[in-house]
Amino acid sequence: AQKVTQAQTEISVVEKEDVTLDCVYETRDTTYYLFWYKQPPSGELVFLIRRNSFDEQNEISGRYSWNFQKSTSSFNFTITASQVVDSAVYFCALSEKTDNFNKFYFGSGTKLNVKP
Amino acid sequence: DAGVIQSPRHEVTEMGQEVTLRCKPISGHDYLFWYRQTMMRGLELLIYFNNNVPIDDSGMPEDRFSAKMPNASFSTLKIQPSEPRDSAVYFCASSPGGPGGLPQHFGDGTRLSIL
């Protein structure tokens, strides 16, 4: 079973639309960390956010917001008023502790196309 | 501050050749990660080090792959002999110490093509 599932392979929106990228994770740990990364067409991976399992507060950073819900094992990412520069592949990732060391898992990514 | 530095940026070589990818982590970062990204398999963690010691190498595909970290400022990922299916973008990342793996800072990647 996938540890991190990003069911949306590709999403296309028109500029200024809001868009939500879904992330569902699976873990038995009580302490774990969730991340979102952005990979623009230039190819580099850029860290966006880190969340630990004890902090379910939603977070907002400019046009970006994250909704962490342990009850549904989801960590969804919303971009408000999308812009063309938001076009990228977005990865959700999980870090959990297994056998005394951390294991890291990335989702398969969601490609976001924002059209002018 | 300089970010994670990877070299070369691109490598094209013939199958059977030895390939060495290099990485210089951000100074002061205790963790170093090697990832591989392909269209088919997405982003895969190959191995990571903590304080120069390999911690989890369960993602290393086979014996043809090896990684070393002789000191805190340098790591290599070697493929010998290389095969066409090794063609991918290889990323190195580093992060400071701490639980859960604080945000990983990625290098620009090495695009490897094995002919």
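Every number here is computed from the coordinates shown, using simple stated rules; none is lab data. For clarity, every value in this text was computed on a predicted model and none was experimentally measured. Every residue, glycine among them, receives a Cβ derived from its backbone with ideal geometry; neighbour counts consider all protein chains shown.
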Exercise. Using a Förster distance of 35 angstrom, determine the FRET efficiency expected from the C-beta separation of B:M15 and B:V53, and round it to 0.05.
Key: 0.65
Quiz item: From Cα coordinates alone, what are the radius of gyration and Dmax values for the range B:18-66 in angstrom?
Solution: 11.7, 34
Exercise. Mind computing the radius of gyration and Dmax over the alpha-carbon atoms of the range B:44-90? Å is fine for both.
Key: 11.1, 32
Quiz item: With the contact rule set at Cα under 8 Å and sequence spacing of 6 or more, what percent relative contact order holds for chain B?
Solution: 37 percent
Quiz item: Roughly how many nanometres apart are two label points built 7 Å out from the Cα toward the Cβ at A:V46 and A:S71?
Solution: 3.4 nm
Quiz prompt | Within-11-Å neighbourhood charge of A:E44 [Cβ basis; K, R +1; D, E -1] | solution = 0
Quiz item: If you average over every viewing direction, what projected area does the convex hull of the Cα atoms of the protein assembly as shown give, in nm²?
Solution: 12.9 nm²
Quiz prompt | Virtual paramagnetic centre 7 Å along Cα→Cβ of B:S113, amide N under 15 Å, in the range B:5-48 | solution = B:9-15
Quiz item: Relative contact order (percent) for the range B:21-72, with alpha-carbon contacts under 8 angstrom and 6 or more residues of separation?
Solution: 27 percent
Quiz item: Rounded to whole Å and sorted largest first, what semi-axes of the equivalent ellipsoid does the C-alpha gyration tensor of chain A yield via the square root of 5 times each eigenvalue?
Solution: 25, 15, 12
Quiz prompt | FRET E, pair A:T30, A:Q2, Förster distance 25 Å, beta-carbon r, rounded to 0.05 | solution = 0.75
Quiz item: In which sequence would A:F47, B:F106 go, from the one with the fewest C-beta neighbours within 10 Å to the one with the most?
Solution: A:F47, B:F106
Practice problem: Determine the sum of side-chain charges near A:T9: Lys and Arg each +1, Asp and Glu each -1, restricted to other residues whose C-beta is under 13 angstrom from that of A:T9. | Solution: -1
Quiz item: What size of dipole, in debye to the nearest 20, comes out for the protein assembly as shown about its Cα centre when the only charges are +1 on Lys and Arg C-beta atoms and -1 on Asp and Glu C-beta atoms?
Solution: 160 debye
Exercise. Scale the Cα Rg of chain B by the rule-of-thumb value 2.2 N^0.38 Å and send over the ratio, two decimals.
Key: 1.00
Exercise. Return a whole-number percent for the relative contact order of the range A:1-72, with Cα pairs under 8 Å and 6 or more residues apart as the contact set.
Key: 21 percent
Quiz item: Local charge sum around B:I47 (other residues, Cβ-Cβ under 11 Å, Lys/Arg +1, Asp/Glu -1)?
Solution: -1
